[in-house]
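Peer 1: This is the structure I want to talk about, given as structure tokens.
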Amino acid sequence: MTATARLVSMLRSSSSLSVLTGAGMSAESGIPTFRDAGGLWEDEDPVSLASVDGFLANPARVQRWYAERLRGVMDAQPHSGHVALAELESELDVTVVTQNVDGLHSRAGSTNVLEMHGNITRHFCVECQDNTGPGLSTLTSTVDTAGSAPGLVQCTLCGGLIRPAVVWFGEMLPHGVFSRAVEAVAESDVFLSIGTSSSVYPASSLIEVAQSNGAYTVEINVAPSVAASRFDDSITGRAGQVLPKLVSELRSTVSAPETT
Ligand SMILES: [Zn+2]
């Protein structure tokens, strides 16, 4: 029996599934990874772009950089793997815990998404926390215009600087998100880790939670991660191929007439 067949069988007898996704999931939609070689950080100092100190030292540069990333995210589309995860909600309870900030799971239709590292499509004022005014997308139309230095995006209420609602180096995870993730994973019969190297926090701790609660755990990656041996099963392949196949096999199994 293949790992995929075992997973289908487990899902068929399960009522709840939790899924952890990482950069590999977004990469299949053409969104560059943060820390991998060739990723967005390669030519930049991460801390200068993704910390409060770096932001305050050069807010225009950081706002412009995030505006360009935001433009890439808005141009990207959820892939068939995102869509398949959303479709699984018609079969069982699904919680998606993601380390990605692009919002693609929600755009694909997933309704129960916990964004560990925030969401680049949202923003807030560093002074009054208002998040309803114009965001960094207002910069995208002015980026690269000849000769004109990009302006600052400031809060329409208090004039404070607007920043993306993502978790920066040295910052806490959004309040309550991690505890909700732990709760969801602890109640799940099956735990999937997709497109993430599961060796570092928070992935590593969520696997432990899943295992200590007896969940069946599976890693899905284009190549087995360093933590692959910690899972019950490992499926090698792109999420965009593996997950739709999973959904279709699950549905064909479920809808097949009972044989006696
Ligand atoms: Zn403000």
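Peer 1: Have a look at the DSSP beta bridges in the stretch 3-255 and tell me what percent are antiparallel, nearest 5.
Peer 2: 20
Peer 1: Roughly how many debye, to the nearest 20, is the charge dipole of the stretch 178-259 about its Cα centre, given +1 on each Lys and Arg Cβ, -1 on each Asp and Glu Cβ, and no other charges?
Peer 2: Charge dipole, the stretch 178-259, about its Cα centre: 320 debye, nearest 20.
Peer 1: Would you be so kind as to identify which of VAL222, GLN129, GLY30 lies farthest towards the positive end of the dipole of the chain, taking Lys and Arg as +1 and Asp and Glu as -1 on Cβ and the Cα centre as origin?
Peer 2: Value computed over the given set: GLY30.
Peer 1: Modelled label-to-label distance, ARG6 and GLU208, 7 Å Cα→beta-carbon offset: nm?
Peer 2: Reported label-point gap for ARG6 and GLU208 is 2.4 nm.
Peer 1: If each DSSP helix of 4+ residues adds -39,500 (n - 2.57) and the sum is divided by the residues in the chain, what number results at 222 nm, nearest 500 deg cm²/dmol?
Peer 2: Calculated mean residue ellipticity at 222 nm is -10500 deg cm²/dmol.
Peer 1: If you place +1 on the Cβ of every Lys and Arg, -1 on the Cβ of every Asp and Glu, and leave all else neutral, what size is the dipole of the stretch 3-255 about its Cα centre, to the nearest 20 Debye?
Peer 2: Using only the charged Cβ atoms, the result is roughly 280 debye.
Peer 1: I would also like to ask the following. Tell me, what is the Rg over Rh of the chain, with Rh the Kirkwood radius over Cα pairs?
Peer 2: Value, to two decimals: 1.02.
Peer 1: Which one, SER15, TYR66, ALA76, is farthest towards the positive end of the dipole of the stretch 1-102 when Lys and Arg carry +1 and Asp and Glu -1 on their Cβ?
Peer 2: Farthest towards the positive pole: SER15.
Peer 1: May I ask which residue of GLY159, VAL185, PHE231 lies farthest towards the positive end of the charge dipole of the stretch 3-255, with charges of +1 (Lys, Arg) and -1 (Asp, Glu) on Cβ and the Cα centre as origin?
Peer 2: GLY159
Any read-out appearing in this document is the output of simple, stated calculations on the displayed coordinates, not a laboratory observation. All of these numbers come straight from a predicted model, not from anything done at the bench. Backbone-built Cβ (ideal geometry, glycine too); neighbour counts: all protein chains shown.
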